[in-house]
Amino acid sequence: MGMRVISSTAAKLVAAAGLAAVAAYATVALAGPNDNELVVEGQKFVTDVPGAKDSPIETVYSGWRFRNEATQAMQLDDFDNPGFTSVETGEQLWSTVDGEAGKSCASCHNDAAESMKGVRAQMPKWNEAAGKPLTLEHTINNCRTQNMKAKPWKWESNQMLSMTAFIGLQSRGMPVNVKTDGPMKAWYDKGKEIYYTRVGQLDMACSGCHENNYGKMIRADHLSQGQINGFPTYRSKWQKLGSIHRRFKGCMKNIRAVPHKVGGDEFTALELYVASRGQGLSVETPAVRN
Amino acid sequence: MERVLCAAAACLFAMGLVTQDVSAGPVAPADVKISEDGEIKTSLTGSAGSAVKGREWFKNRKLGNCLACHVNSELKQEQFHGEVGPSLDGVADRWSEAQLRAIVVNSKIIFGEETMMPAFYRDSGFTRPLKKFKGKTILSAEQVEDIVAYLQTLKE
């Protein structure tokens, strides 16, 4: 409600100013998260939450709130959501036997709606055997190689994206809830350091755009807080689903920096830290962005 | 043989045919002189830039890409102006040529470490620069001067 008041006030100011120059940039002047509500088939999603006590952000917003209405609409109905083609593929893969052990995911995990509920919301999660936090992709491949005796999937393969989308969907609507204490603390700190480190020829850190300037336009792009509660996300730019690490990599290349390795410790730490900045937002997998 | 060449070179020096400044090109990024009050008073190339060319570099997404972050009404036919930085309308009324040059070369000279604006004429000190940009500046000295010339036309 507060936001709505601000927006209409801004609109009046623009209208009152009546200057050609202001009018030309009216869309810019009104930039910020919009007030729309994300409701899919009667299910309400939390797209804003107050930032945690130690958070530099007052209100945490889902990236959905920064998209235009045409893009937003694609996520309002699962029939319009292009990410669901992959979800269906993932559902088929779930019960497809693969590997020397002659097992499918379903052989051990049965109904994903039960067994995978809440999994996405807690990723990356500490894994005692590995001695480090694992992302959803790592966890899936661990299961494939260790339990199914199957080949690991490539990080950005259609199979992996379909499976992370299908598993992620089982947590849709649940609040992001990653652990950052205990053995995770060192990884959280590492991720935080990466988040605030300026890199590349453009000498920018994640925080430059996503903490200090979210809501503003950077050319035709509306800067969000870079939340990752909707991954894997369907991006119209990609014309398919993409992973969190792919998005990180793209951002780093944009600022002319050598990206960290997809699936490596740095991006895993960054994924943990960025996820923690979105604690409480609903999981939106598979989200739609541009 | 070597001795002969050396002698010949010394001779040329003596005759004033070879000056100390053999590579009379643009000043290197590390050699740019910044005054105490944060200005770069002399052209990086030794001559004035072209505002017409500067306008092109300004909007080129692989060069200045200035519209990514700044509104500039003089280019209003170009779609989508960013708003991360301040509007550049009338920027020449607010900053001198020497200040504008410093801001383009390395805005941290004037705005401090916190600014998000990249340094356009700096070739070292970066963390993890992509290989193809390593040891390189975003703009050439000539392009910096062209953009500075263009910015000086932005008056209100």
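Numbers for the structure displayed
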{"item": "Residues located in the range A:233-290, provided they are under 12 Å from the mean Cα position of the chain (by Cα) and in a strand (DSSP E or B)", "result": "A:Thr233, A:Tyr234, A:Arg235, A:Leu241, A:Gly242, A:Ser282, A:Val288, A:Arg289"}
{"item": "Near pairs, Cβ below 6 angstrom, 6+ apart or cross-chain, from the range B:25-52 (assigned to a helix (DSSP H, G or I)) to any residue that is at pLDDT 95 or above", "result": "B:Pro29/B:Tyr121; B:Pro29/B:Arg122; B:Pro29/B:Asp123; B:Pro29/B:Thr137; B:Ala51/B:Ala149; B:Ala51/B:Tyr150; B:Ala51/B:Thr153"}
{"item": "Matching residues in the range B:142-156 - criterion: being more than 14 Å from every other protein chain (Cβ to nearest Cβ) and of a type in the set (A, V, I, L, M, F, W, C)", "result": "B:Val144, B:Ile147, B:Val148, B:Ala149, B:Leu151"}
{"item": "Filter pass, A:Ser115 being modelled with pLDDT of 95 or more, touching a strand residue (DSSP E or B) at 6+ places or on another chain (Cβ under 9 Å) and assigned by TED's automatic domain parsing to the domain that holds A:Ser162", "result": "no"}
{"item": "Residue match in the range A:203-221 (condition: outside the structural domain of A:Lys154 (by TED's automatic domain parsing), of a type in the set (D, E, K, R) and within 20 Å of A:Asp48 (Cα to Cα))", "result": "yes"}
{"item": "Residue match in the range B:121-141 (condition: touching a Pro at 6+ places or on another chain (Cβ under 7 Å) and either more than 14 Å from chain A (Cβ to nearest Cβ) or surrounded by fewer than 17 Cβ atoms within 10 Å (Cβ to Cβ) (or both))", "result": "yes"}
{"item": "Condition broken by B:Cys66, with the remaining ones in (1) within 12 Å of chain A (Cβ to nearest Cβ); (2) over 18 Å from the mean Cα position of the chain (by Cα) satisfied", "result": "(2)"}
{"item": "In the range A:96-144, the residues that are under 23 Å from the mean Cα position of the chain (by Cα), of a type in the set (S, T, N, Q) and part of a loop (DSSP other than H, G, I, E, B)", "result": "A:Thr135"}
{"item": "Enumerated helices (runs of 4 or more DSSP H) restricted to the range A:145-210, each holding at least 1 residues that are farther than 19 Å from A:Val274 by Cα and away from chain B (no Cβ under 14 Å)", "result": "A:158-169"}
{"item": "Residue list for the range A:212-238, restricted to those being within 11 Å of chain B (Cβ to nearest Cβ) and either crowded, with 23+ Cβ neighbours inside 10 Å or on the phi < 0 side of the Ramachandran plot (or both)", "result": "A:Asn212, A:Asn213, A:Tyr214, A:Lys216, A:Met217, A:Ile218, A:Ala220, A:Asp221, A:His222, A:Leu223"}
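Here's the yes/no breakdown for (1) out of contact with any His (no Cβ under 9 Å at 6 or more places or on another chain); (2) under 20 Å from A:Ser282 (Cβ atoms); (3) in contact (Cβ under 8 Å) with a residue 24 or more places away in the chain:
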site: A:Pro56; (1), (2), (3): yes, no, yes
site: A:Val60; (1), (2), (3): yes, yes, yes
site: A:Phe66; (1), (2), (3): no, yes, yes
site: A:Glu69; (1), (2), (3): yes, yes, yes
site: A:Met74; (1), (2), (3): yes, yes, yes
site: A:Asp77; (1), (2), (3): yes, yes, yes
site: A:Phe84; (1), (2), (3): yes, yes, yes
site: A:Val87; (1), (2), (3): yes, yes, yes
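The values are calculated or read from the model by the stated rules, or taken from the named source; none is laboratory data. Since we're looking at a predicted model, the values are computed, not measured. Note that we place each Cβ from the backbone using ideal geometry, even for glycine, and neighbour counts take in every protein chain shown.
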